Amino acid sequence: LPIVVKAFEMEIIPANRIVAQIGETLVLTCNTTGCASPSFSWRTQMDNPLGGTVNNHKTYSTLTMSPVSVVNSHDYLCTVFCGVKEKKEKSIKVEIYSFPSDPVIEISPSLVAGERVTVICKIPDVYPSDHLEVLLKKEEHVLHKEHFYEGDSTNTETKTVTYSFTLTAEDIGKEITCVASLAIGNLDLEPKERIASQKLNANFGPQNTIITASPGNFLMEGDPLNLTCVTESNPPPQITWRKHLADESIQHLIEHNVLSIPHAHFTDSGLYTCEVINLVTNKTEKATVDIVIQDGPKNTMISVIPATAVKEGETVTMKCTSSGNPAPVISWKKKKATGESEKIFKDATLTIQNIKSQDLGLYECEAYNQFGKEEKAVKLLVQVPPQNITVLVYPSENVKEGENVTITCSTYSNPPSQMVLKKVHQEKEIILPSVNGTFILYNVTKNDTGRYLLDVFNEVGNSIKVIEIAVVGRLEKTDQMIPLIIAFSCVTAIAVPVVAILIYVSRKAKINGSYSLVKALRLKV
């Protein structure tokens, strides 16, 4: 068979034209066929430095550029000699570009609605920049488009696009997108475009601050209360709750947007303020709400000045206080002898001047509002000294030996009176205190003749009545007993009637002039 001899040929891989990115590695291969021992040479069209390393092998040669830089932007020529007579050449155009990273978006750091905002888009290390196109968008709306047609830089450079516009509240949260495209002829670059996005996060507010109250501004005691401070602000504000107290001072509560009171009390009523501070915009806004905790009358109390027990003629002031919301209406009633109550006054303070005995009794304070009523009572005592004293000597002041003498006394006083009977003796005074109000003088003798003092007293006064008893003759027959009533001036006063029967006991039997007391205590003074 005949031997087929291949013709001498060559090729460059890749063929004709290639685009390489700065920083990468590019290998050009010059390959031959039909020549056993080819020789290779590489050069640029303008005889510039190769900017790479040549490695010759048996049938091919490589030119390696690592890393690729702008100096490698040339037409490269590979020449192959096969023996002395045969020579072949081929060239390849190497184009260089740099598009290594996505754009960087910068937005003015302190954005405030209503003010101008500047968006900056930076495209780093671009080459060649005269092929760069940049698009700025807000959502799908194109804000700005820029082409860098002019540029003769022989190195990579960072290109910047700047655009300003007036920020509105509606812009908050919208996305700013920067689209950078690098196109070199009809070459298929990867990537052809790079994209970066950033949301508009403007600082604004606080504004439109309000307080919502749940379940409402008016609620019953014991109900839960939630106050929520609602505002528009970015960044989120610092919120402080305060309450205005009755003494015009301010009570600091919590730093949170919700103020929660699980069981509202009557004292929780009042004016609440929510203060909102944006530390970036340095603005402050306040909102207030008036909370009313409603309840029926509670803690009703009566105070009496000077005291619940007073002397006749003094002035007494009784004051009734009660908590509740709305404020309770207060009225006074006095309990009559029948047990029924009679309304006598409609105000918190009841004053009785020049008090008399008929003013004593049970006084009731009634506190009332639409949610209920509460009553409290106080017993008023009018202290009256012994008055209208009546003394009855039985059978009379003049009695005979052997008879019994009974002394009866009645009086009006409050508190009830005590009574003591005294006999004035030439040498000594015998004091006979009352025991159950009974004194009996049995079988009197002439020694019982004399002056007796009846002391009627209580805590607020006393009165002394004088009784002269004369024992004459002996008892021979039963005399008709005619009582002698010693009446004193009567003061018209309705007081607690106190009747005491004082039976003075002289003795049952007279022994050596001494007294033997049956129901009396003997005190010597």
Per residue value of the accessible surface for the chain (all protein chains in place, 1.4 Å probe), Å²: 55 Å²
Loop-exposed chymotrypsin sites (Phe, Trp or Tyr not before Pro) per DSSP, neighbour cap 13 Cβ within 10 angstrom, longest uninterrupted part of the chain: 150-487
Ratio of Rg to Rh over the stretch 385-469 (Cα coordinates, Kirkwood Rh, two decimals): 0.98
C-alpha center-to-center spacing [the stretch 120-161, the stretch 441-477] in angstrom: 135 Å
Compactness of the stretch 208-294 - radius of gyration and Dmax, Cα, Å: 13.2, 41
Ratio of the Cα radius of gyration of the stretch 71-192 to 2.2 N^0.38 Å, where N counts its residues: 1.59
Options Val104, Ser322, Thr349, ranked by Cα towards positive dipole end of the chain, top entry (Cβ charges): Thr349
The stretch 110-179: proportion of alpha-carbon pairs further apart than 15 angstrom, %: 57 percent
Restricting the stretch 59-143 to GluC sites (Glu not before Pro) in coil, as DSSP defines it, with at most 15 other Cβ within 10 Å: Glu115, Glu139, Glu140
Among Tyr163, Gly114, Leu135 the positive-end extreme of the charge dipole of the stretch 104-202 (Cβ point charges): Gly114
The chain - charge dipole about Cα centre, Lys and Arg +1 at Cβ, Asp and Glu -1, debye rounded to 20: 3600 debye
Hydrodynamic radius by Kirkwood, which averages 1/r over all alpha carbon pairs of the chain, in angstrom: 36.8 Å
Set of aspartates and glutamates with alpha-carbon distance to Lys346 below 18 Å, sequence-local pairs under 8 removed: Asp359, Glu364, Glu366, Glu374, Glu375
Separation between Cα centres of the stretch 344-395 and the stretch 213-274, rounded to whole Å: 46 Å
Apportionment of accessible area to carbon and sulfur, the chain, percent (1.4 Å): 51 percent
Relative counts (whole %) of C-alpha pair distances in the stretch 1-156, using bins that are 10 Å wide: 9, 28, 22, 15, 12, 8, 4, 2, 0, 0
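The values are calculated or read from the model by the stated rules, or taken from the named source; none is laboratory data. Note that the coordinates shown come from a computational prediction; the quantities given were computed from them, not determined experimentally. In this analysis, Cβ positions are derived from the backbone assuming ideal geometry, glycine residues included, and neighbour counts consider all displayed protein chains. These area figures cover heavy atoms from the full protein model, side chains too; ligands, DNA and RNA do not enter into them. Shrake-Rupley method; radii C 1.70, N 1.55, O 1.52, S 1.80 Å.
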